[in-house]
Amino acid sequence: LGLAPDLSLLLALGVPTGACLLGLTGWAILRRARRPRKRSGNPAVKVAALAALACTAYSADTSWRFAANHLDMAGTAERAAMFAAAELALFATALMARQNLVTQGAPGVPGTLIWVITAVQVIPAYAESGPVGGTVRAFVGPVMAAMLWHLAMGLEVRLRSPEAGSRGLIATLAREARERLLSRLGLAARDRDAAQITRDRATARAVALAAALAEMAPQQQRNRRGRRLTRRLSKALGKASVGTDPVRRAELLDQLAARRHALTLATVPLPSP
């Protein structure tokens, strides 16, 4: 009983390491069972796995302190049995995500759970060390552990098949948000240089200004607001280069015609379907 501090230190270092080694052994057995096309001798994968173990142990240290200070686990045996539950769950979900990737072509729900567990593990880091130290504990511990396990186990779909994209929930949401942002910024159309993007934006701005002026009465077009819109329209036309580019000029007139005759859309005769 007099060796309690040493025992707790041994448990803090030995339990997560032993659990991770057991998990790695199970992972190796699964790799042999599915007969890989080529042997994994890449040293980068081995170094990534070693770094992931170190980050997992770093995260386990945070969990050990959090279990005593915030979860009221005063007994050494209780802390040793419970403090590394999140780390083991993270490793287990990584293994399941890898198995899903092999059998189904996508990590699936376990791949999403990896990042959910990582987000929850950030809370003990900030609770133990505050904003500055908590950021270091969160990044070096659970965040880097999740990233390194993700890469070491080959969960990145684009590394396995560069032409394929991830079909996970987070990846799908990220792609959708990126496409919407590019569309909002006017960058959805690819293979355009900066000058063409500037001309396209100026053309759209000129159409909007011309349509706004067309809706004003003649007296309103000559007041202060009308003159300001006219100046802005003149600058937009200059940037759009519609005076020297007949194709862009025709595009501007077509867009302006559609805007000015938008009201007639309600009465356009259409054949019955």
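The values are calculated or read from the model by the stated rules, or taken from the named source; none is laboratory data. Given the structure is predicted, the values throughout are model-derived calculations rather than measurements. Note: ideal-geometry Cβ built from the backbone for every residue, glycine included; neighbour counts use all protein chains shown. For the accessible areas, the whole protein counts, side chains as well, though only heavy atoms, and no ligand, DNA or RNA atoms are used. Shrake-Rupley method; radii C 1.70, N 1.55, O 1.52, S 1.80 Å.
Sort out which residues of the range 71-86 are surrounded by 17 or more Cβ atoms within 10 Å (Cβ to Cβ), part of a helix (DSSP H, G or I) and either at pLDDT 80 or above or small (Gly, Ala, Ser) (or both), and write them in order of number. Don't jump to the end; show me each part of the working.
Just the residues of the range 71-86 that are surrounded by 17 or more Cβ atoms within 10 Å (Cβ to Cβ), to begin with: 73, 79-80, 83-84, 86.
Next, from what is left, pick out any that are part of a helix (DSSP H, G or I): 79-80, 86.
Passing the criteria: Ala80, Ala86.
Can you name the residue in the range 222-246 that is assigned to a helix (DSSP H, G or I) and in contact with a helix residue (DSSP H, G or I) (Cβ under 6 Å, 6 or more places away or on another chain) and, of all such residues, is farthest from Glu179 (Cα to Cα)? Explain how you work it out, then say what you get.
In the first step, residues of the range 222-246 are kept if they are assigned to a helix (DSSP H, G or I); the result is 224-240, 246.
Those left that are additionally in contact with a helix residue (DSSP H, G or I) (Cβ under 6 Å, 6 or more places away or on another chain): 226, 229, 232-233, 236-237, 239-240.
On the way: Gly226: 36, Leu229: 31, Arg232: 29, Leu233: 29, Ala236: 26, Leu237: 28, Lys239: 26, Ala240: 25 Å.
By that ranking, first place goes to Gly226.
Residue check: is Arg222 closer than 30 Å to Ala194 by Cα, free of Cβ contacts under 8 Å to residues at least 60 places away in the same chain, surrounded by 10 or more Cβ atoms within 10 Å (Cβ to Cβ) and not hydrophobic (A, V, I, L, M, F, W, C)? Full working, then the answer.
On the way: closer than 30 Å to Ala194 by Cα: no; free of Cβ contacts under 8 Å to residues at least 60 places away in the same chain: yes; surrounded by 10 or more Cβ atoms within 10 Å (Cβ to Cβ): yes; not hydrophobic (A, V, I, L, M, F, W, C): yes.
No: the conditions fail for Arg222.
Show the residue pairs that are 6+ apart or on different chains and have beta-carbon atoms under 9 Å apart, the first residue being within the range 253-273 and open to solvent by less than 90 Å² (accessible area, probe 1.4 Å), the second being among the β-branched types (Val, Ile, Thr).
Gln255/Thr203; Gln255/Val207; Leu256/Val207; Ala258/Val207
Against the conditions (1) at pLDDT below 80; (2) buried (at least 20 other Cβ atoms within 10 Å of the Cβ), where does Val102 fall short? Just the number, please.
Condition not satisfied by Val102: (2).
Give Ser241, Ser234 a once-over and let me know the one that is among the hydroxyl-bearing types (Ser, Thr, Tyr), open to solvent by 70 Å² or more (accessible area, probe 1.4 Å) and at pLDDT 85 or above. Give the steps one after another, and end with the answer.
Numbers: Ser241 fails: open to solvent by 70 Å² or more (accessible area, probe 1.4 Å).
One residue alone meets the criteria, Ser234.
The rows are residues; the columns are (1) over 30 Å from Thr172 (Cα atoms); (2) loosely packed, with under 15 Cβ neighbours inside 10 Å; (3) touching a Leu at 6+ places or on another chain (Cβ under 9 Å); (4) without any contact (Cβ under 8 Å) to a residue 12 or more places away in the chain.
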residue	(1), (2), (3), (4)
Ala60	yes, no, yes, no
Arg65	yes, no, no, no
Asn69	yes, yes, no, no
Ala89	no, no, yes, no
Ala92	no, no, no, no
Leu95	no, no, yes, no
Pro131	yes, yes, no, yes
Val136	no, yes, no, yes
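Residues to consider are Ala250, Ala208, Ala204; find the one that is part of a helix (DSSP H, G or I), farther than 30 Å from Ala177 by Cα and open to solvent by less than 90 Å² (accessible area, probe 1.4 Å). Don't jump to the end; show me each part of the working.
Details: Ala208 fails: farther than 30 Å from Ala177 by Cα; Ala204 fails: farther than 30 Å from Ala177 by Cα.
Only one candidate qualifies: Ala250.
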